[in-house]
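One structure is given here, and the rest of the page talks about it.
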Amino acid sequence: MQTYHGKSVFGGIAIGKIKVHQKGQQQVRRTKIDDPDAELARYEAAKGQAIEELAELYDKALREVGEANAAIFEVHQMMLMDDDYNESVENIVRTGLVNVEYAVASTGDNFSEMFASMDDDYMKARAADVKDISERGIRILQGGGNGMEDADEPAIIVAEDLAPSETVQMNKDKVLSFVTVLGSLNSHTAILARTMGIPALVGTDLEAFGELDGKLGIVDGGAGIIYVDPDAETFVTMQAKQAEDLEKKRLLQELKGKDNVTLDGRSIMLYANIGNIKDLASVLQNDAGGIGLFRSEFIYLERDTFPTEEEQFKIYKTVAETMAGKRVIIRTMDIGADKQCDYFEMEKEENPAMGCRAIRICLRRPEIFKTQLRALYRASAYGKIAIMFPMIISVDEVRRIKAIVEEVKKELTELGLEYGEPELGIMIETPAAVIMSDELAKEVDFFSIGTNDLTQYTLAIDRQNVSLDEFYDPHHPAVLRMIRMVVENSHKAGIWTGICGELGADRELTATFLKMGVDELSVSPGSILPIRKIVRETDLSK
Ligand code: PEP
Ligand code: MG
């Protein structure tokens, strides 16, 4: 048994097979060979295995999802037997005297580009398929497993690091836990793991983690440990701990339907943070009073092109309707910093966390902003939507935003489209916004404090940089004083303040926040009931 330690992102026990997630596509190196026949014999063998795998996948899919959906695996088999494809591989190997992995990768790239440039939609769609079969071939040539075990079983995902765009694209039902070597507690991958409510570790001291693929692992999220090939005693202990955890969760369910009120009568709104409509089930299961932060940028990160107004409208409408009259705070997209989206074609920046991010993109490129605002305003006719703007630093920005909002409303009226009157709020996540909060409070309906960014900009510590942990104090008095100042300024202006950064879920601070007069905490769905428990057991008069 090997034991590795990391930082706990979310508690709970996960037991299952480890799946190592490799960055992007397989790395293929070009090497010189001197026996092309031997190289092509390897290709024939790999092709045979690929066709067998595809036949098995076809049978499985036929049983589980029907003929129409299984057909794609037949198409892949046919593509692997296609003469043009095979001749291209052979030609590259023989003329260039290069390894067959390189020939397969080049053929895959060339063919997929060719398909992508065709007018016919069906042929265009084949571009991804030809890439897929080439990647399968390369994996087999490189001695990788057959990849089929991954298709079935939920697994513990182990990776060096995960970009938010990679994490959002994973099939959530197949992920038992995330364990990464890099990554910080405030990274968006950590935040996604919390939203999913699964045990997760970052900054884990894994060595040669590529060799862990397929091994049995146990993640103890609370203790910050991953056991690989656990011995019998650990296995039994962890199974018992898992059962205990489930029992605790079951007991927390008894708090559903109860108020978030302290023993001495002070109440607080407890809302949920989400990044996707798929998170709504756990929002309802955990009895959130509303949604305090819908990170809409994940809609953009999941796609290869800008989401249309119609696509966004449908998503926001679904959230509003599902929450049935409860407040749903949707933050306009916060692309930039670690949440990069290629199709935005942003200029490369030395320091993207302090670069063109979030509202700055929106104000510079109003066509993107207006598309989102139109979708939000239209969806607000179907529920209690509130709109929140990120990364604000000045009153002037808020006024510019409000002017754009007026233009959007006018356009919708002219088009005869129905829309509601959402509340407008801002995130307080820059020191500038804190200092200006008395002025800003006169402009908007509510504040939500983004402690993740507020902490990074106040302490001048990059939230992604794990190596500065010795200087990083999540409870730094500067940040706590700022929170108090914002709450006081908001109350003076008659508006409310919430906290939607990760600090909001810090149970050591729940009583402090209550004392400061924080009106709302927005946390990952799995943290709602544990915080409700603390609130109900707190007596502020003592
Ligand atoms: C924050 O900065 O605290 C916040 C909630 O926004 P994000 O983590 O998405 O930057
Ligand atoms: Mg932020």
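The values are calculated or read from the model by the stated rules, or taken from the named source; none is laboratory data. Here the structure is a predicted model, which means the values were calculated and not measured. As a convention, Cβ positions derive from the backbone with ideal geometry for all residues, glycine included, and neighbour counts pool all protein chains shown. Side chains included, ligands, DNA and RNA excluded: accessible areas come from the protein's heavy atoms. Shrake-Rupley method; radii C 1.70, N 1.55, O 1.52, S 1.80 Å.
Can you tell me which of Lys326, Lys278 is among the charged types (D, E, K, R), part of a loop (DSSP other than H, G, I, E, B) and either in the same structural domain as Gly383 (by TED's automatic domain parsing) or within 19 Å of Phe446 (Cα to Cα) (or both)?
None of the others qualify; the one that does is Lys326.
From the list Ile495, Ile528, the one residue that fits, being surrounded by 15 or more Cβ atoms within 10 Å (Cβ to Cβ) and within 25 Å of the chain's Cα centre (by Cα), is Ile528. Among residues of the range 110-139 being assigned to a helix (DSSP H, G or I) and among the small types (Gly, Ala, Ser), the one that is farthest from Glu52 (Cα to Cα) is Ala116. Being under 19 Å from Ile274 (Cα atoms), in the same structural domain as Asp445 (by TED's automatic domain parsing) and outside any loop (DSSP other than H, G, I, E, B) is the requirement here; does Glu321 meet it? So Glu321 fits the description; yes. Any chance the range 460-467 includes a residue that's touching a residue at least 12 places away in the same chain (Cβ under 8 Å), touching an Asp or Glu at 6+ places or on another chain (Cβ under 8 Å) and within 14 Å of ligand 1 (Cβ to nearest atom)? Yes.
Scanning the range 496-542 for residues that are in contact (Cβ under 8 Å) with a residue 60 or more places away in the chain, closer than 22 Å to Ser184 by Cα and more than 16 Å from ligand 1 (Cβ to nearest atom) gives a single hit, Gly526. Set side by side, the residues Ile330, Ile335, Ile368 differ, and just one is open to solvent by less than 40 Å² (accessible area, probe 1.4 Å) and in contact with a Ser or Thr (Cβ under 8 Å, 6 or more places away or on another chain), which is Ile330. Among the residues making up the range 356-371, those that are touching a residue at least 24 places away in the same chain (Cβ under 8 Å) and either in contact with a Leu (Cβ under 8 Å, 6 or more places away or on another chain) or within 16 Å of ligand 1 (Cβ to nearest atom) (or both) are Arg357, Ala358, Ile359, Arg360, Ile361, Cys362, Phe369. In the condition set (1) over 23 Å from the mean Cα position of the chain (by Cα); (2) buried (at least 18 other Cβ atoms within 10 Å of the Cβ); (3) more than 12 Å from ligand 2 (Cβ to nearest atom), Ala433 is compliant with all but (3).
Is it the case, given these coordinates, that Leu176 is among the hydrophobic types (A, V, I, L, M, F, W, C) and open to solvent by 20 Å² or more (accessible area, probe 1.4 Å)? Yes; evaluated as a whole, the condition is true for this residue. If you go through the range 190-228 and keep only what is loosely packed, with under 14 Cβ neighbours inside 10 Å and in a helix (DSSP H, G or I), you end up with Gly210, Glu211. Residues that are assigned to a strand (DSSP E or B) and not assigned by TED's automatic domain parsing to the domain that holds Val466 do not occur anywhere in the range 229-242.
Name the residue that is modelled with the lowest pLDDT, counting only residues in the range 447-467 that are open to solvent by less than 50 Å² (accessible area, probe 1.4 Å) and out of contact with any Gly (no Cβ under 8 Å at 6 or more places or on another chain). Lay out the reasoning, then the answer.
Residues of the range 447-467 open to solvent by less than 50 Å² (accessible area, probe 1.4 Å): 447-459, 461, 463, 466.
With the extra rule that they be out of contact with any Gly (no Cβ under 8 Å at 6 or more places or on another chain), the set shrinks to 456-459, 461, 463.
On the way: Gln456: 96, Tyr457: 97, Thr458: 98, Leu459: 97, Ile461: 95, Arg463: 91.
So the residue we want is Arg463.
Counted as qualifying within the range 1-102 are the helices (runs of 4 or more DSSP H) with 3 or more residues that are over 20 Å from Ile138 (Cα atoms) and at pLDDT below 90, namely 36-65, 67-80. Taking the range 289-307 as the search range and keeping residues that are part of a loop (DSSP other than H, G, I, E, B), closer than 26 Å to Leu521 by Cα and more than 16 Å from ligand 2 (Cβ to nearest atom), which one is most open to solvent (accessible area, probe 1.4 Å)? Result: Gly289. Of note, Lys410 does not satisfy the criterion of being part of a loop (DSSP other than H, G, I, E, B) and more than 16 Å from ligand 1 (Cβ to nearest atom). Scanning the range 289-311 for residues that are aromatic (Phe, Trp, Tyr) and over 19 Å from Gly501 (Cβ atoms) gives Tyr300, Phe306. One residue stands out in the range 381-407 among those that are open to solvent by 10 Å² or more (accessible area, probe 1.4 Å) and touching a residue at least 60 places away in the same chain (Cβ under 8 Å): the one that is farthest from ligand 1 (Cβ to nearest atom), namely Tyr382.
Would you call Arg507 closer than 15 Å to Ser437 by Cα and either in contact with a helix residue (DSSP H, G or I) (Cβ under 7 Å, 6 or more places away or on another chain) or within 16 Å of ligand 2 (Cβ to nearest atom) (or both)? Considered against the rule, which asks whether it is closer than 15 Å to Ser437 by Cα and either in contact with a helix residue (DSSP H, G or I) (Cβ under 7 Å, 6 or more places away or on another chain) or within 16 Å of ligand 2 (Cβ to nearest atom) (or both), Arg507 comes out as no.
For the range 293-315, filtering for residues that are more than 16 Å from ligand 1 (Cβ to nearest atom) and closer than 22 Å to Leu270 by Cβ leaves 0. Of all residues in the range 341-355, those satisfying the criterion of being surrounded by fewer than 17 Cβ atoms within 10 Å (Cβ to Cβ) and either acidic (Asp, Glu) or within 16 Å of ligand 1 (Cβ to nearest atom) (or both) are Asp342, Glu345, Glu347, Glu349, Glu350, Asn351, Pro352, Ala353, Met354, Gly355.
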